[in-house]
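This report refers to the structure that appears directly beneath it.
Just so it is clear, none of the values below were taken in a lab; they were calculated from the coordinates. Everything numeric in this text was worked out from a predicted model, so none of it was measured. Cβ sites come from the backbone with ideal geometry, for glycine too, and all protein chains shown count toward neighbours.
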Amino acid sequence: MMRAGRAAVLGTAAVILLTACGGAAVSGSRGSGQESVSLPQVASSPREQTISAVEDPGRDGLPTPFVNPAEIISGGPPPDGIPAVDHPRFQRASTVTWVHDREPVLALTVGSESRAYPIQVLIWHEIVNDTVGGVPIAVTYCPLCDSGIGFDRRLQQRVLDFGTSGRLYRSDLVMYDRQTRSLWSQFIGTAVAGVLTGQQLRTLPVSVVAWSDWRSAHPTSWVLSRDTGVSRNYGSNPYVGYDDINSRPFLFRGAYDGRYPPKTRLVGIRRGTDSVAILLDALHRQHVIATNIAGAAVVAWEKDGTSSALDSAVISEGKNVGATGVFDPIVDGRTLHFHPAGDGFTDAETGSAWTVLGQATSGPLAGRSLRAIEYVSTFWFVWGTFLPTTRVVA
């Protein structure tokens, strides 16, 4: 199924070479039969006259690659064959009718501003170059790893913008920045080849939740629209059956940790040299798991009712894989202890009710929010390969 799915993406992808727009005032147009708008963007830095790593990661004149360049392989499409969204347009959540309640969206908050990015759009584009809360960011999604990760696009004195290179590293999306044409592994946020080799992007907390949960919590928030400038069959899944737990990852070379089937789902948290993988089956059973990362307490939780983007031909009909979140459980100097209750969670200390997005909706702490912790929902083959010494909660 994967080969057909990847071929479908390659066969329909248009080559679009655009830079991220910057500084524009809000303007409107029609998209998906509803009003969509462009929002102000921080301008990207100019393109630089550098040696490109996109065509040859081991090219003479470049620094020694961060990884074995032989492992940075073609995934099928050419550079930008899967077009990033460089000029994103948005709709208010309360006006969106084309996302089904169970569909997964990537949720991002920067400062006081929150946005949602439907995976039905990202599955066809993989990268959105955007500005949220005045910060230039990239929201990325690798279907082969089912990993949604957000990045701050600022690096030293540059504001980068990213495209898809058409390459994979250990079955993970390899991005390239348009300023220096260096290659970046999405999963580790590191430049693996090119003049920026070894540089690291700052990651941002991104969670995967059902559209209904996002819309209820943020009805006036901006949501990435389907008005992307290209025509795709949004709402459909070109990777049908890819998340079968025992299926082999697409174009994965070498061995991966065989303790669990390769497509075992997990919530992965890492900080410095410490990492922990909480298997989704454990979260399905308990709904709340408290653990620690680098000596700090964290709480992970899961709420049923979110469809897999990689199961059925129609994303909204995919099997339930739940919505997840990871948070700092300390509020006002007190560590809270949570348990599932009704449609969300309750803390034992105050009896306040909390949503899957970490917001207290009733009780003494109503109106408060937990601090989100960076994590990634992904497959075991990815996490175990990149972080072989990880702890596992099963």
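Structure notes:
- Counting only DSSP beta bridges with both residues in the chain, the antiparallel share comes to about 95 percent.
- When the Cα atoms of segment 213-346 are aligned to their principal axes, the ranges along those axes come out at 50, 46, 29 Å in descending order.
- Difference of contour (0.36 nm per residue) and Cα-Cα distance, S216 to R368: 53.1 nm
- Computed from label points 7 Å out along Cα-Cβ, the spacing between Q156 and D332 is 4.6 nm.
- The long axis of helix 2-12 is offset from the longest Cα principal axis of the chain by roughly 60 degrees.
- Charge dipole (debye, nearest 20) of the chain; +1 at Cβ of Lys and Arg, -1 at Cβ of Asp and Glu: 320
- Remark on V132: its backbone amide H falls under 5 Å from those of I137, a criterion applied only to residues 5 or more positions apart or on other chains, H modelled at 1.01 Å from N.
- Computed from the Cβ-Cβ distance with R0 of 25 Å, the FRET efficiency linking V230 to T95 stands at 0.70.
- Cα lying deepest toward the dipole's positive end in the chain, options P219, L39, P364, charges on Cβ: L39
- Computed FRET value (nearest 0.05) for A313 with R259, which takes r as the C-beta separation and R₀ as 41 Å: 0.85
- Rg/Rh for segment 2-224 stands at 0.96; both radii use Cα atoms, and Rh follows the Kirkwood definition.
- Remark: S44, S275, S225 ranked as S275, S44, S225, counting other beta-carbon atoms within 10 Å and listing the fewest first.
- Principal axis analysis of the Cα atoms in segment 141-295 yields extents of 46, 41, 36 Å, listed in decreasing size.
- What the phi angles of segment 241-247 give under the Karplus curve with 6.51, -1.76 and 1.60, with θ = phi - 60°, is a coupling list of x, 5, 8, 3, 4, 9, 6 Hz, glycine and proline written as x.
- Estimated vicinal HN-Hα couplings, Hz - segment 97-109 in sequence order (Karplus 6.51, -1.76, 1.60; Gly, Pro = x): 10, 9, 9, 7, 3, 7, 5, x, 10, 8, 9, 9, 10
- Using the Karplus relation 6.51 cos²θ - 1.76 cosθ + 1.60 with θ = phi - 60°, the per-residue 3J(HN,Hα) values for segment 285-298 come to 6, 9, 6, 9, 9, 9, 8, 9, 9, 6, x, 9, 6, 9 Hz, with x marking Gly and Pro.
- Computed about its Cα centre, the charge dipole of segment 250-378 is approximately 340 debye, with only Lys, Arg, Asp and Glu carrying charge at their Cβ.
- Space enclosed by the convex hull of the alpha-carbon atoms of segment 290-362, per residue, Å³: 98
- With the convex hull of the Cα atoms taken as the outline of the chain, the averaged projected area works out to 18.1 nm².
- Choice from A193, A300, A360 showing the highest fluctuation, given a GNM over the chain with Cα pairs closer than 10 Å: A360
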